[in-house]
1. Which of the residues belonging to region 59-101 are touching a residue at least 40 places away in the same chain (Cβ under 8 Å) and either farther than 29 Å from V14 by Cβ or in contact with a Leu (Cβ under 6 Å, 6 or more places away or on another chain) (or both)?
2. Going by the structure shown, is L15 within 30 Å of L112 (Cα to Cα) and touching an Asp or Glu at 6+ places or on another chain (Cβ under 7 Å)?
3. Being part of a helix (DSSP H, G or I), hydrophobic (A, V, I, L, M, F, W, C) and farther than 16 Å from F108 by Cβ is the filter here; which residues of region 1-40 pass it?
4. Being open to solvent by less than 50 Å² (accessible area, probe 1.4 Å) and of a type in the set (K, R) is the filter; apply it to region 2-30 and report the residue that is farthest from E91 (Cα to Cα).
5. Inspect region 83-93 for any residue being part of a helix (DSSP H, G or I), open to solvent by 50 Å² or more (accessible area, probe 1.4 Å), modelled with pLDDT of 85 or more and among the aromatic types (F, W, Y) and give the result as yes or no.
6. How many of the residues making up region 31-45 are open to solvent by 90 Å² or more (accessible area, probe 1.4 Å) and at pLDDT 75 or above?
7. Is it the case, given these coordinates, that T48 is of a type in the set (S, T, Y), under 21 Å from the mean Cα position of the chain (by Cα) and open to solvent by 70 Å² or more (accessible area, probe 1.4 Å)?
8. Residue under question is G71, and the condition is that it be surrounded by 13 or more Cβ atoms within 10 Å (Cβ to Cβ) and touching an Asp or Glu at 6+ places or on another chain (Cβ under 7 Å); does it hold?
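The values are calculated or read from the model by the stated rules, or taken from the named source; none is laboratory data. Not measured: the values here are computed from a predicted model. Quick reminder, even Gly has a Cβ in these numbers, built from the backbone with ideal geometry, and neighbours come from all protein chains shown. Note: areas computed on protein heavy atoms with side chains; ligands, DNA, RNA excluded. Shrake-Rupley method; radii C 1.70, N 1.55, O 1.52, S 1.80 Å.
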Amino acid sequence: MVLLLFLVLFAKGVLAFLLLVKIGPLRELVIKSLDQLKTGKGPATVKTIAGTMSVILLSSLMSIVKIQNKGAKLGTMSPMDQVLWRTHLLEASLMGMSSIFSFCDFLFVYFLFVCFLYFLK
C-alpha cells in the first residue's frame, strides 16, 4: 500500500513538472488528456477513486486514534504499536498529499484551459 502511494506521489510530481515546463507538444498532450479525463466517464471514475481513498484515509486516521488512546490508557506504547502507528501515519499523510495534489492538478489544468481559450479569441 505504501509503495503504491509513493508511486502515485511520484507520478503526480512528474505530471506537475510536465505541466510547468514547456516541452513542446508534450505539455499540450498532458493538458488534453487531463481535460478528457474530466469529461465523459472520467468524473465517475475519479469520484469512485476519491471515495475509496477517503474511506481508507478515515480508516487509517481511526486506527491512529485507537493506537494513541490505547497508549494513553496503558501509559506507554509497545514497540509493535509504535510501528503500526507510524505505518498508519505514513499511509494517511501520503493519501492526504496525493488527494491535495490531484485537486491542485485539476485546478491547474482548468485555469490553463480557460486561459488558452481566452487567448485564442
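1. L94, M95, S98
2. Here the answer is yes, as L15 does meet what is asked.
3. Of everything in region 1-40, those that are part of a helix (DSSP H, G or I), hydrophobic (A, V, I, L, M, F, W, C) and farther than 16 Å from F108 by Cβ turn out to be V2, L3, L4, L5, F6, L7, V8, L9, F10.
4. R27
5. Checked against the condition, which is being part of a helix (DSSP H, G or I), open to solvent by 50 Å² or more (accessible area, probe 1.4 Å), modelled with pLDDT of 85 or more and among the aromatic types (F, W, Y), region 83-93 yields at least one hit.
6. Number of matching residues: 2.
7. On the way: of a type in the set (S, T, Y): yes; under 21 Å from the mean Cα position of the chain (by Cα): yes; open to solvent by 70 Å² or more (accessible area, probe 1.4 Å): yes.
Yes.
8. So G71 passes the test.
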